[in-house]
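Quick one: structure below, then a few questions.
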Amino acid sequence: MPYCEERIYSNDYFSALLDFWPLEEELDNISENFCYMKISNSIGVLVINKGILTPLSFTDYTYRLLPKLYTPMQNVSFPLLKSGILQAQQPPLGLTGRNVIIGIADSGIDYTMPAFRREDGSSRILAIWDQTIPYEAVLEEGREDSGMPAAERMRRWNDDSVKRRGSLDVPFGTVYTQTEINEALQSDNPFLKVPSRDETGHGSAMAGAAGGKVGEEVYGGAINAEYVIVKCRQAGKDLRQFYYIAEGAEAYSEADIMLGYRFMDSYCEPFRRPLVYCFGMGSNMGPHDGTSLFSEFLDDVAQRRSRAVVVCGGNEGNQAGHFAGEGDTDVELRAGEGVNGFTLEIWGSIPEIFSIIIMSPGGESSAVLSSIVSGSKRIQFIFEQTLIYVEAELAEQSSGRTLMVLRFENPTPGIWRIKMRNAGTFHMWLPVKNFLSGEVFFLAPDPEVTLTEPAYAQEVITISAYADATGAFWGESGRGFAVDGRIKPDFAAPGVDIPVPGRAPLALSGPAGAEDMNSLGSFTVTGSSMAGAITAGAVAQFLEWAVVRENDVFIKGREIKSYFQRGASKEAGMEYPDRRWGYGKLNLQQTFEALRV
């Protein structure tokens with residue numbers, strides 16, 4: 001019988017979300033077909049044997065509980081001065097994020113870089129949970145550990161009375177502690193001792209923009225903060241195929257991301273320090289109104305004392321992936337050559353029941369499809385090679401709104417038309433650009449309401465991006481407001497050509513993992529994830545002032561957001577809040593000046 005970690009990595013099992021806590025007798029009866037991993041008191045991940053499953057569909061799994069996929073928000077003048085971050089580092093404030101923790105769930109971190117070490121060479125990283133390295137594989141390589149049984153590891157993970165997550169207390173993967181990282185840094189080949197790597201560099205860039213420092217070169221505000229890092233594993237092939245994710249695209253399951261946030265919270269609990277969660281990914285999957293399962297989870301996290309959640313607003317503002325309309329409307333979208341497939345989500349208003357007719361580039365027309373359709377409908381045209389799967393939920397569980405999802409397989413290149421009938425107001429979203437295998441876009445797109453999920457969560461700090469060199473809004477950045485009118489983003493931060501520390505790997509002869517540890521440099525990264533990381537560093541500085549220095553020890557994320565909105569720089573003649581700028585531009589120095597009023 002395979003143990004739980006084996007099932008989690010196996011292609012014979014699939015992970016789905018649950019928004020309820022199974023009964024004790026149900027957990028006791030979990031057999032070789034199941035595993036359960038707790039995320040919060042109301043959310044968990046059920047790992048299921050695919051042999052007893054029906055094929056993936058929103059009808060059988062519901063839209064809310066089928067994990068959505070997220071991708072990093074980057075497109076590979078110095079920003080800290082205009083944002084008031086360098087000023088706050090200097091006397092009299094002298095805020096550097098000391099005794100504050102920054103949590104990042106992303107592609108990992110290059111822990112060997114000086115940017116993440118103290119002056120004595122020791123690491124500022126408290127722990128790395130690498131979800132890609134099976135724990136059993138580490139034991140086979142000779143790691144000195146007690147060999148706790150897999151079932152005990154899972155039991156401890158689901159037990160909230162376990163206050164600190166050690167190297168064994170994760171349901172899968174491997175945790176490397178600060179002690180192990182420091183031992184690796186003292187060796188000739190660190191990656192032979194701690195093999196966790198950041199293959200894409202995105203997680204390292206975010207950590208650098210939040211708090212990196214090399215010598216006198218300052219890259220982020222929180223240069224004395226410490227990190228807890230989760231290297232998320234790539235989404236499994238089932239979800240990638242279901243959503244038609246482009247080959248080679250980075251795609252992470254929200255289930256694994258939320259598990260990473262649970263690890264950060266519990267691992268940091270014994271340190272009794274404030275914690276900033278920094279999320280630099282995004283997705284167009286979801287209702288765009290703050291009611292998604294992931295948004296609800298982040299809202300719960302952000303309402304805890306000494307906690308703040310910073311979320312980037314995505315890079316979809318100019319990707320022509322959103323359409324907004326009302327009533328009987330013909331919507332046109334273009335599919336380019338070589339597109340293997342894509343999804344299209346149609347979100348209606350309450351209590352409207354709408355219908356659609358799909359017209360192919362060749363002029364063929366589908367039957368009338370109602371949003372009260374039950375089950376999954378398969379449409380195949382006579383003269384087209386395209387298959388379209390249609391599913392609908394009259395009252396989607398998170399938002400209560402009407403949802404119809406179209407999945408186009410091998411779409412014929414050309415102009416597709418969606419004829420909306422009997423509709424109230426409605427919104428359509430295509431996947432984020434990174435997920436598409438070719439060109440797919442609306443011919444008459446709406447650039448508003450293009451912040452990516454989960455940026456619409458009410459309690460998180462949502463960031464759009466602008467160019468520090470010119471002061472202009474970055475056109476690719478997502479824009480608000482939310483579908484329900486809530487104010488998002490909260491403010492903007494620099495996100496264009498952001499300098500971050502980096503390493504140019506140079507393979508050396510000898511054992512695998514050897515690298516030239518002196519091959520260091522820096523490069524620039526553009527994307528809303530960088531704006532989020534810079535903001536996370538500023539929030540860490542603020543938490544040092546509020547919690548560590550005991551100026552406001554009971555502060556929550558909502559109050560921090562309010563202070564930052566109040567201190568944001570505003571342009572004369574512009575009305576705030578604004579769909580692009582929120583309440584203005586990040587300015588930490590002005591935030592403190594506003595506290596004196």
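Along Cα→Cβ, 7 Å out, is where each label goes; now give me the distance between the ones at LYS377 and THR179 in nm to one decimal.
6.2 nm
When the accessible area of the chain is split by element with a 1.4 Å probe, what percent falls to carbon and sulfur?
48 percent
Heavy-atom accessible area per residue, the chain, 1.4 Å probe: how many Å²?
37 Å²
Further, regarding this structure: Order these peptides, 94-102, 205-213, by their mean beta-carbon neighbour count within 10 angstrom, highest first.
Ranking the peptides 94-102, 205-213 by packing returns 205-213, 94-102.
Calculate, in whole percent, how much of the Cα-Cα pair population of the chain lies beyond 38 Å.
Of all Cα-Cα pairs in the chain, 30 percent lie more than 38 Å apart.
Please compute the alpha carbon radius of gyration of the range 310-464, then divide it by the globular-protein estimate 2.2 N^0.38 Å. Two decimals is fine.
The reported ratio for this selection is 1.03.
So, in nm, how far is label LEU595 from label GLU199 when the simple model puts each one 7 Å beyond its Cα toward the Cβ?
In this crude spin-label approximation the distance works out to 4.3 nm.
Please work out the ratio of the alpha-carbon Rg of the range 185-242 to 2.2 N^0.38 Å and round it to two decimals.
1.49
Within the chain, what percent of beta bridges assigned by DSSP are antiparallel, to the nearest 5?
Of the beta bridges lying entirely in the chain, close to 75 percent run antiparallel.
Return the FRET efficiency for the residue pair ARG155, LYS237: r is the Cβ-Cβ distance, R0 is 22 Å, and the value is rounded to the nearest 0.05.
E(calc), rounded to 0.05, equals 0.15.
How high is the FRET efficiency between ARG558 and LEU86 when r is their beta carbon distance and R₀ equals 25 Å, given to the nearest 0.05?
0.40
While we're on this one: What value, in deg cm²/dmol to 500, does the helix sum -39500 (n - 2.57) over DSSP H runs of n ≥ 4 give at 222 nm once divided by the residues of the chain?
Here the helix-only value at 222 nm equals -5500 deg cm²/dmol.
Does the range 545-597 come out rounded, prolate or oblate by the C-alpha gyration tensor, with a ≥ b ≥ c the root eigenvalues, rounded set by a/c under 1.5 and, if not, prolate when a/b is larger than b/c and oblate if not?
The shape class here is prolate.
Among GLY97, THR591, VAL547, whose Cα lies farthest out toward the positive end of the dipole of the chain, if unit charges sit on the beta carbon of Lys, Arg (+1) and Asp, Glu (-1)?
Toward the positive end, the furthest listed residue is THR591.
Something else now. Hey, what does the equivalent ellipsoid look like for the range 413-503, semi-axes from the Cα gyration tensor as sqrt of 5 times each eigenvalue, largest first, whole Å?
28, 19, 12
The values are calculated or read from the model by the stated rules, or taken from the named source; none is laboratory data. This structure is a prediction, so every number in the text was calculated from the model and none was measured. Positions of Cβ are generated from backbone atoms using ideal geometry, with glycine treated the same way; all protein chains shown enter the neighbour counts. What goes into the accessible areas is simple: the full protein's heavy atoms, side chains included, and nothing from ligands, DNA or RNA. Shrake-Rupley method; radii C 1.70, N 1.55, O 1.52, S 1.80 Å.
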